[in-house]
Amino acid sequence: MRMYLLPNLFTTGNIFFGFFSIVSTLKGEYEKAAWVLFIAMLMDVLDGRVARMTNTTSMFGVNYDSLADLVSFGVAPSLLIYKWALMPFGRVGWLVAFLFIACGALRLARFNVMVGKETSKDFTGLPIPAAAGLMASYYLFASDKLGFLNFKVVAIIATFLMFSASLLMVSRFRYVALKSGGSRKSSFALVFASVLMVFVVASDPQLFMFLIFLGYYLSGFLQALKGELPIGEEVEG
């Protein structure tokens with residue numbers, strides 16, 4: 001089995017920043033834990049793009065990437081939200097946090113099984129990095145903007161978002177795959193560059209990031225209602 005160094009270095013970076021987020025959460029540094037997850041997402045984007053650009057895609061890389069994603073986008077955000085908001089709910093809180101990890105693992109396993117078997121360029125189910133981004137950005141948004149609310153209300157919203165995102169990861173709803181190959185490569189590059197540009201210049205990054213991930217989270221429902229991306233088969237996640 002050949003293991004290609006360059007894309008797997010980015011995957012290792014993904015794991016590193018996921019673990020960094022976990023350590024930050026355990027130290028009570030929740031804001032740092034949330035922001036570091038976005039660096040892990042960048043590593044996740046780059047490993048796939050580098051593998052495709054250098055023609056070094058392999059099943060080893062696919063499985064290594066999925067293991068990294070489970071750490072960075074399953075365990076890390078679940079622990080962050082549990083420690084920050086769900087712990088006071090006792091058993092319900094840790095069960096919701098566990099459900100997020102379990103559904104993320106199922107989502108990744110389903111993707112690995114279906115690699116190369118389908119032709120659609122869209123995701124079946126909410127991708128786990130998007131679910132993690134939703135939860136991390138909600139923490140940043142709530143901490144910065146929702147201080148006027150009773151914290152129990154903020155925590156209930158977090159619980160609902162985490163529970164629903166968990167179910168969406170294993171659902172059959174379709175989501176546009178911005179990082180897929182083919183004709184969407186240029187559109188992905190444009191979208192990614194635009195996100196980075198707005199993020200740098202925006203005066204309110206917490207709000208901006210949450211709206212981006214919330215919009216993507218809701219897009220699966222909207223696509224199904226409009227019938228533009230019917231519920232269907234898995235190809236990439």
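Comparison of Ala131, Ala142, Ala105 shows that the only residue that is surrounded by 15 or more Cβ atoms within 10 Å (Cβ to Cβ), in contact (Cβ under 8 Å) with a residue 12 or more places away in the chain, over 18 Å from Gly18 (Cα atoms) and among the aliphatic types (A, V, I, L, M) is Ala142. All told, Gly93 meets the bar of being buried (at least 18 other Cβ atoms within 10 Å of the Cβ), modelled with pLDDT of 95 or more and not hydroxyl-bearing (Ser, Thr, Tyr). Look through the stretch 126-147, keep the residues that are within 18 Å of the chain's Cα centre (by Cα) and part of a loop (DSSP other than H, G, I, E, B), and return whichever of them is farthest from Phe163 (Cα to Cα). Of everything passing the filter in the stretch 126-147, Pro127 is farthest from Phe163 (Cα to Cα). Of the residues making up the stretch 196-216, those that are closer than 18 Å to Pro127 by Cα and either at pLDDT below 80 or touching a strand residue (DSSP E or B) at 6+ places or on another chain (Cβ under 9 Å) (or both) number 1. Restricting attention to the stretch 11-28, does a residue exist that is under 21 Å from Ala97 (Cα atoms) and charged (D, E, K, R)? Among the residues of the stretch 11-28, at least one is under 21 Å from Ala97 (Cα atoms) and charged (D, E, K, R), which makes the answer yes.
For the stretch 1-37, taking the residues that are modelled with pLDDT under 95 and buried (at least 20 other Cβ atoms within 10 Å of the Cβ), the one that is nearest to Ser66 (Cα to Cα) is identified as Thr11.
The values are calculated or read from the model by the stated rules, or taken from the named source; none is laboratory data. Note that the coordinates shown come from a computational prediction; the quantities given were computed from them, not determined experimentally. Counting neighbours? That spans all protein chains shown, and the Cβs are built from the backbone with ideal geometry, glycine included.
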